[in-house]
Amino acid sequence: MARPKATNPRTKAANVRLTEEERSEIEAAAAAQGFSSLSEYFRALHAQFAQVEEPDLGPKRTDPRDFPAKLLRPFHKTDHGEILWGDSRSYLLNKAKENSVDLIMTSPPFGLVRKKSYGNEDADRYCDWFRPFAEGAHRVLKDTGSLVIDIGGAWVPGQPTRSLYHFKLLVMLVEEYGFHLCQEHYWFNPSKLPTPAEWVNVRRVRVKDAVNTVWWLSKTPFPKANNKRVLQPYSKSMKHLLKNGYKAKLRPSGHDISDKFNKDNGGSVPPNLLAIANTESNGRYQDNCRAENIPIHPARFPAQLPEYFIRFLTDPGDLVVDPFGGSCVTGVVAENLKRRWTCCELSEEYLLGARARFEPTLQPLPKDRGIPYEIASPCALPVNEEEVPLFADGGAQRPASMRKKASSKIAAE
């Protein structure tokens, strides 16, 4: 959700003297590696050659005194919750009581390599940056509580290969802090644009990245939960089966389907793939931000994502916390569901916009749940493979028609 502003913005420039031939060669090399500017190319080279092996001294523990509770300021209060302006590490390590939180539902800054306006952490430093939040989360969660982290993937700069930062984060949380992985979920956004454009649309060697991982963790192997809270409608085939009956038998897969399979439980257990389109571009929050000339948070998750986990894992009156509150989507969902809640956010600008979710009246949960999304079967469209040859170089070079354009664009910058 929230994306803290960069503490070390790139405001300095350096001049490098090059011959025309050297510049042309470097521009061609940068374009061939998928970099959109020489600046990105030079930073990637620096990172590659500046890596120094450091002794493994184990994880550095956080001193809670570095994050006193007095650094937090009350920003807004509702019947069930509150928004705090400031560093959530102060809340997790000092202000909140130990073993008091039932659910931490959050979306921290993603470890994107290319910096965004809302200040992402570099992927290779992500785990170190996250450690104080992990310590704080473990401190405040109840033994029956859950930690849910929505986190998107990242690409290695200049390559059509994936960073492992979000998997490293998961391993760190389990192995270093004792969390248990209850179950991984995947948030599929059907409306996601075909990105990364370089590898999807230009070189055509990857498919669009439309899924976020959502790690569901807990302090003990048995956090409270009930999947009957989040049932989904039966499919047409299941409705037909319930109406006309089903003969119990052993399937070829080895699964023994008993006559209990014919019982109507009010709905089917959902899979761990959550299909939620993130298409909201108009509404009270956005209208207020535009009217007041307040920046609209660029990385809001849809209300149905926290709603699913809040219903699944908490009871009315339980405490839900979002350490990266952003525009406080988690807070407004928790308020509607009568859970106690706290959202922390560093950016006052984002909180000024978030207040519109609660004033003059509480923004209700969306009534329109959309139509069920269909995922096409693989290879559903016919193709003549002779007319569509593979890229033998795996996309190492841009198509010839694009190389000249890329070189000209970099030269103009």
Query raised in the report: Protein chains only, probe 1.4 Å: how do TYR165, TYR373 rank by accessible area, largest first?
Result: TYR373, TYR165
Query raised in the report: Can you give me the Cα centroid spacing of the range 159-238 and the range 266-321 in angstrom?
Result: 16
Query raised in the report: Given 0.36 nm per residue, what is the gain on full extension from LYS338 to ALA29 after removing their alpha carbon distance, in nm?
Result: 105.6 nm
Report task. Any of LYS236/LYS338; LYS77/LYS208; LYS142/LYS192; LYS12/LYS208; LYS70/LYS338; LYS219/LYS239 with alpha carbons more than 32 Å apart? Name them for me. Result -> LYS236/LYS338; LYS77/LYS208; LYS142/LYS192; LYS12/LYS208; LYS219/LYS239
Query raised in the report: By how many nm would the segment from CYS379 to ASP393 lengthen if fully extended, with 0.36 nm per residue of separation less the alpha-carbon distance?
Result: 2.8 nm
Query raised in the report: Residues with amide H under 5 Å of TYR373's amide H, sequence separation 5 or more or different chain, H placed in the peptide plane at 1.01 Å from N; which?
Result: none
Query - R0 of 60 Å, Cβ-Cβ distance ARG65-GLU386: FRET efficiency to nearest 0.05 - result: 0.30
Report summary line: Given a Förster distance of 41 Å, the FRET efficiency implied by the Cβ-Cβ spacing of LEU18 and GLU349, rounded to the nearest 0.05, works out to 0.55
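The values are calculated or read from the model by the stated rules, or taken from the named source; none is laboratory data. In this text, all values refer to a predicted model and were calculated from it rather than measured experimentally. Ideal geometry is used to build each Cβ from the backbone, glycine not excepted, and the neighbour counts take in all protein chains shown. Quick note on the areas: whole protein, heavy atoms, side chains included, nothing else; ligands and nucleic acids left out. Shrake-Rupley method; radii C 1.70, N 1.55, O 1.52, S 1.80 Å.
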